[in-house]
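Comments concern the structure below.
Read-outs throughout are calculated quantities, based only on the coordinates presented, and are distinct from any laboratory measurement. None of the values given here were measured: they were computed from a predicted structure. Neighbour counts are summed over all protein chains in view; Cβ atoms, including those assigned to glycine, are modelled from backbone coordinates with ideal geometry.
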């Protein structure tokens with residue numbers, strides 16, 4: 001079966017060692033957790049169902065954890081690309097392929113069922129699709145941003161990593177303040193750059209940190225610091241928009257997520273979460289289709305106690321459905337839906353090296 005990880009890695013040509021170190025298992029499990037939070041947030045935000053107040057409050061808090069952690073871990077698994085520009089280019093081509101294949105479907109879903117506008121053939125003219133490719137308005141923005149980061153990764157080779165991280169941090173800080181008036185998808189390139197490049201530049205330290213157990217005291221201190229920063233931010237901004245202290249909140253959220261991962265998964269087996277973490281892109285590509293179909297047609301508009309149960313159920317069914325479709329299409333005739341044909345890669349396979357352990 002073809003497995004595509006969150007960084008675009010194809011696992012079909014190499015087996016996943018179940019006896020791999022706990023550090024890599026933690027990375028996969030954390031990616032799985034971050035992706036589940038993203039799917040649950042989309043279940044609450046894009047359906048017709050009335051979202052319970054506790055879920056809305058939780059969504060505002062988890063905004064600081066979901067995407068920053070996902071980009072940090074994506075940078076970690078792409079760390080080897082700093083030294084291998086040809087592999088980085090091939091991976092960027094693979095991600096661009098996925099965007100090109102799924103862009104028309106995602107655009108149709110966005111126009112017809114999410115924002116409820118009349119779909120016309122003019123919406124899918126080459127010029128309109130090219131405009132959408134320059135600044136995605138759909139959930140494909142994550143893959144689009146990851147593709148751009150992948151292209152930029154080899155450019156930091158040989159540069160002082162502290163200076164690169166400081167520069168990325170300044171860019172992210174300005175972006176989080178909302179001072180740059182550009183398309184939200186383009187703004188996300190700036191906003192999450194510090195997390196991706198921190199993962200790519202400091203993969204060795206991240207691997208060492210995740211390989212050691214966390215003390216209860218440190219975990220509680222991290223959670224307390226996150227709560228204080230979040231409370232100060234909400235009090236200052238008087239809204240749930242992460243702007244005023246946006247970067248600090250997201251960094252604190254990343255620290256909390258990593259330490260919770262160390263506490264939960266260090267030395268423990270979490271095969272289902274690891275499987276989801278290794279299949280980030282298929283789930284990300286497909287989950288919105290399942291969410292919209294389930295919330296619009298399978299489960300009618302609900303409110304009250306039912307929503308507490310149905311929203312997590314919709315998220316779980318969307319993940320399971322995405323993985324099932326990915327598995328069913330892993331044939332020679334349909335594998336192109338999730339995997340770029342080898343003939344489009346610039347470098348031959350003999351130049352490729354194994355992923356870092």
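By the gyration tensor of its Cα atoms, with a ≥ b ≥ c the square roots of the eigenvalues, what is the shape of segment 157-278: rounded for a/c under 1.5, prolate for a/b over b/c, or oblate?
Since a/c reaches 1.5 but b/c is at least a/b, the shape of segment 157-278 is classed as oblate.
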Burial ordering of 141, 272, fewest other beta-carbon atoms within 10 Å first: 272, 141
Prolate/oblate/rounded label for segment 168-231 (Cα gyration tensor, a/c 1.5): oblate
Segment 22-351: relative contact order as a whole-number percent, Cα under 8 Å and 6+ apart: 37 percent
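Please label the shape of segment 22-351 as rounded, prolate or oblate, based on the square roots a ≥ b ≥ c of the eigenvalues of the alpha-carbon gyration tensor (a/c under 1.5 means rounded; beyond that, a/b larger than b/c means prolate, else oblate).
Values: a/c = 1.33, a/b = 1.05, b/c = 1.27.
Rounded is the answer for segment 22-351, as its axis ratio a/c remains below 1.5.
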